[in-house]
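S.K.: Just dropping this structure here.
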Amino acid sequence: MAVDVVNADALEAAIEGCFDRSGDSTVPAPVQAQFRAAARRLREQLVRLESARFREGTPELVAANGAVREANGALQKDLSKLEDLTKTVEQVQAAVAKLDQVIALAGKVV
């Protein structure tokens with residue numbers, strides 16, 4: 001049986017990107033706090049998912065890995081406009097939610 005895992009490299013890049021934005025003085029303080037909270041949450045999820053294995057093609061894992069890739073893409077764009085920052089935070093939070101679904105599966109035989 002083929003197995004699949006969370007894309008740890010992409011997740012680590014998202015964590016780093018969120019922490020970078022959380023310390024960026026050009027980002028409004030409330031948005032910095034949102035990035036910091038997301039980075040901490042993603043780091044917790046990475047620790048929980050590092051050793052988890054799933055059946056290849058598990059829909060929740062495929063969706064979560066895709067959401068993390070999208071969040072990374074958004075984090076690497078020029079985020080000089082508040083609306084872009086807000087949209088990026090929303091993309092990161094969507095990735096967090098999808099990873100929560102994967103964590104729920106990690107406790108089951110998948």
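Readers should treat all values here as calculations from the given coordinates under stated rules, not as data from a laboratory. Values in this document were obtained by computation on a predicted structure and should not be read as measured data.
S.K.: So how much slack lies between D20 and K81, counting 0.36 nm per residue of separation and subtracting their Cα-Cα distance, in nm? Spell out each step's value before the answer.
M.R.: Details: separation 61, 0.36 × 61 = 21.96 nm, distance 1.64 nm.
Between D20 and K81, full extension yields an extra 20.3 nm.
S.K.: Sticking with this one: Round to the nearest 10 and give me the degree value, 0 to 90, for the angle of helix 59-75's Cα axis relative to the longest principal axis of the chain.
M.R.: 20 degrees
S.K.: Give a residue-ordered list of calculated ³J(HN,Hα) values for region 21-33 (Karplus: 6.51 cos²θ - 1.76 cosθ + 1.60, θ = phi - 60°; whole Hz; x for Gly, Pro).
M.R.: Couplings: 5, 6, x, 7, 5, 7, 8, x, 3, x, 6, 4, 4 Hz.
S.K.: Compute the separation of the alpha-carbon centres of region 85-101 and region 1-56 and state it in Å as a whole number.
M.R.: For region 85-101 versus region 1-56, the Cα centre distance is 10 Å.
S.K.: Can you spot the aspartates and glutamates whose alpha carbon is less than 18 Å from K77's alpha carbon? Ignore those fewer than 8 places along the same chain.
M.R.: E12, E16, D20, D24, E90
S.K.: What 222 nm value per residue comes from the helices of the chain, counting each DSSP H run with n ≥ 4 as -39,500 (n - 2.57) and dividing by all residues, nearest 500 deg cm²/dmol?
M.R.: On the way: 4 runs with 78 residues, N = 110.
Here the helix-only value at 222 nm equals -24500 deg cm²/dmol.
S.K.: Just want to confirm a number: the relative contact order over region 3-106, from Cα pairs under 8 angstrom separated by 6+ residues, in percent. Each step should come with its number before you reach the end.
M.R.: Numbers: 119 pairs, mean separation 38.8, N = 104.
Worked out over region 3-106, it gives 37 percent.
S.K.: Next question, about the same structure. Answer with a single label: of (i) 14.0; (ii) 16.9; (iii) 21.2, which was calculated as Kirkwood radius over Cα pairs in Å from the structure in view?
M.R.: So the calculated entry is the one marked (i).
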